[in-house]
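**Q** Below is the structure I would like to discuss, written out as C-alpha cells.
The values are calculated or read from the model by the stated rules, or taken from the named source; none is laboratory data. Quantities reported herein were computed from a predicted structural model and do not represent experimental measurements. Please note: Cβ atoms are built from the backbone with ideal geometry, for glycine as well, and neighbour counts cover all protein chains shown.
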Amino acid sequence: ELKVEQNPLFLSMQEGKNYTIYCNYSTTSDRLYWYRQDPGKSLESLFVLLSNGAVKQEGRLMASLDTKARLSTLHITAAVHDLSATYFCAVDQAGNMLTFGGGTRLMVKP
Amino acid sequence: KAGVTQTPRYLIKTRGQQVTLSCSPISGHRSVSWYQQTPGQGLQFLFEYFSETQRNKGNFPGRFSGRQFSNSRSEMNVSTLELGDSALYLCASRVSQVTGYTFGSGTRLTVV
C-alpha cells in the first residue's frame, strides 16, 4: 500500500526566509503533484512532476522530484504572507488515483 | 474557460438518509475522480471514472457509489448516511495522464 508522508506538518516562518517541505513516498511512481489549499477552499494545482529529476518553478516556489529516493521537495524562497496556506503533495498511483500526504500548514508571519 | 463545477456547495442531512452529489468536469475532460476530505483522515480517493466506466475505487464501504454519464458529468451517492460521512467531497477532472487534475470547489456535507 502506497504511503505518502509530508514533513513538517506545520511550519511557521518569518517573511523573507527560505524553507523546504519534504514529501516521501513508499512505492515507485514517476508522477507527483503539489497542491495548495486555502482555508475553506478547494485544491489549487501548483506543480505537475512527471519524471525523475523534474524541477519546476513558479514565483517563490520550486518543486523537484527524485524518483530513486522517492522524494519530492517544495522549496519556498523569501516567503511572503500570501503564501500562507496548506500544501499537499500527491502521488499518482495506477495512473488514475492520487494518494495524498497529510499536508503542511504554512504560516508566514510579517 | 469554465472550471469543474460541483453542486450543491453545502448540504445538511440526517443520519440514515441518502445524498447525491453532482460534478460537471471541464469541457473535454473525460476522467472524473472523487475525493473525501476530513480533518481526521485527510484526503482520500473514492473512485475514478473514464468514459462512463469506473476504473478504480478506494477503500470505502459499498454505501458510496458513483456513476458517469455520456457527457462526462458524474454523480456520487452515499446511502444510509453516518455522522462520519461529514466531509468535504471534492471532484477532479483531467484531460490525460500527463496533465494535472483540476479540482472543483467541493460539496461540504454535514450529517446530523
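**Q** Give the residue, chosen from B:GLN54, B:GLN18, B:GLN37, B:GLN41, that is free of Cβ contacts under 8 Å to residues at least 12 places away in the same chain and surrounded by 11 or more Cβ atoms within 10 Å (Cβ to Cβ). Outline the logic, then answer.
**A** Numbers: B:GLN54 fails: free of Cβ contacts under 8 Å to residues at least 12 places away in the same chain; B:GLN18 fails: free of Cβ contacts under 8 Å to residues at least 12 places away in the same chain; B:GLN37 fails: free of Cβ contacts under 8 Å to residues at least 12 places away in the same chain.
It is B:GLN41.
**Q** Mind checking which residues of region B:54-93 are of a type in the set (A, V, I, L, M, F, W, C) and over 20 Å from A:LEU98 (Cα atoms)?
**A** Of all residues in region B:54-93, those of a type in the set (A, V, I, L, M, F, W, C) come to B:60, B:64, B:69, B:76, B:78, B:81, B:83, B:87-88, B:90-92.
Residues satisfying the conditions are B:PHE69, B:VAL78, B:LEU81, B:LEU83.
**Q** Being closer than 18 Å to A:PRO39 by Cβ, surrounded by 15 or more Cβ atoms within 10 Å (Cβ to Cβ), within 14 Å of chain B (Cβ to nearest Cβ) and polar (S, T, N, Q) is the requirement here; does A:THR99 meet it? Walk me through it before giving the result.
**A** Values: closer than 18 Å to A:PRO39 by Cβ: no; surrounded by 15 or more Cβ atoms within 10 Å (Cβ to Cβ): yes; within 14 Å of chain B (Cβ to nearest Cβ): yes; polar (S, T, N, Q): yes.
It is false that A:THR99 is closer than 18 Å to A:PRO39 by Cβ, surrounded by 15 or more Cβ atoms within 10 Å (Cβ to Cβ), within 14 Å of chain B (Cβ to nearest Cβ) and polar (S, T, N, Q).
**Q** Output yes when any residue across region B:88-98 is assigned to a loop (DSSP other than H, G, I, E, B) and modelled with pLDDT of 95 or more, and no when none is.
**A** no
**Q** Scan A:LEU46, A:LEU71 and give me the residue that is of a type outside the set (S, T, N, Q), out of contact with any Asp or Glu (no Cβ under 6 Å at 6 or more places or on another chain) and within 14 Å of chain B (Cβ to nearest Cβ).
**A** Details: A:LEU71 fails: within 14 Å of chain B (Cβ to nearest Cβ).
Residue meeting the stated conditions: A:LEU46.
**Q** Separate question: May I ask you to say which residue of A:ASP38, A:ASP92 is within 13 Å of chain B (Cβ to nearest Cβ), loosely packed, with under 13 Cβ neighbours inside 10 Å, in contact (Cβ under 8 Å) with a residue 24 or more places away in the chain and not aliphatic (A, V, I, L, M)?
**A** A:ASP38
**Q** Please go through region B:5-22 and pick out each residue that is more than 18 Å from B:SER65 (Cβ to Cβ), in a loop (DSSP other than H, G, I, E, B) and not β-branched (Val, Ile, Thr).
**A** Scanning region B:5-22 gives B:PRO8, B:ARG9, B:ARG15.
**Q** Count, please, the residues in region B:27-47 that happen to be closer than 18 Å to B:VAL98 by Cα and at pLDDT 95 or above. If you could, list the steps in order and put the result at the bottom.
**A** Initial filter on region B:27-47 (closer than 18 Å to B:VAL98 by Cα): B:27-33.
Still in the running and at pLDDT 95 or above: B:32-33.
Of the residues in region B:27-47, 2 are closer than 18 Å to B:VAL98 by Cα and at pLDDT 95 or above.
**Q** Sticking with this one: I'd like the full set of residues that are more than 8 Å from every other protein chain (Cβ to nearest Cβ) and either in contact with a Ser or Thr (Cβ under 6 Å, 6 or more places away or on another chain) or of a type in the set (A, V, I, L, M) (or both), limited to region B:94-104.
**A** If the condition is that a residue be more than 8 Å from every other protein chain (Cβ to nearest Cβ) and either in contact with a Ser or Thr (Cβ under 6 Å, 6 or more places away or on another chain) or of a type in the set (A, V, I, L, M) (or both), then B:ARG94, B:VAL95 are the ones that fit.
**Q** Taking the residues in region B:34-72 that are small (Gly, Ala, Ser), farther than 22 Å from A:GLU1 by Cβ and part of a loop (DSSP other than H, G, I, E, B) as candidates, determine which candidate is nearest to the other protein chains (Cβ to nearest Cβ).
**A** Checking each candidate, the answer is B:SER51.
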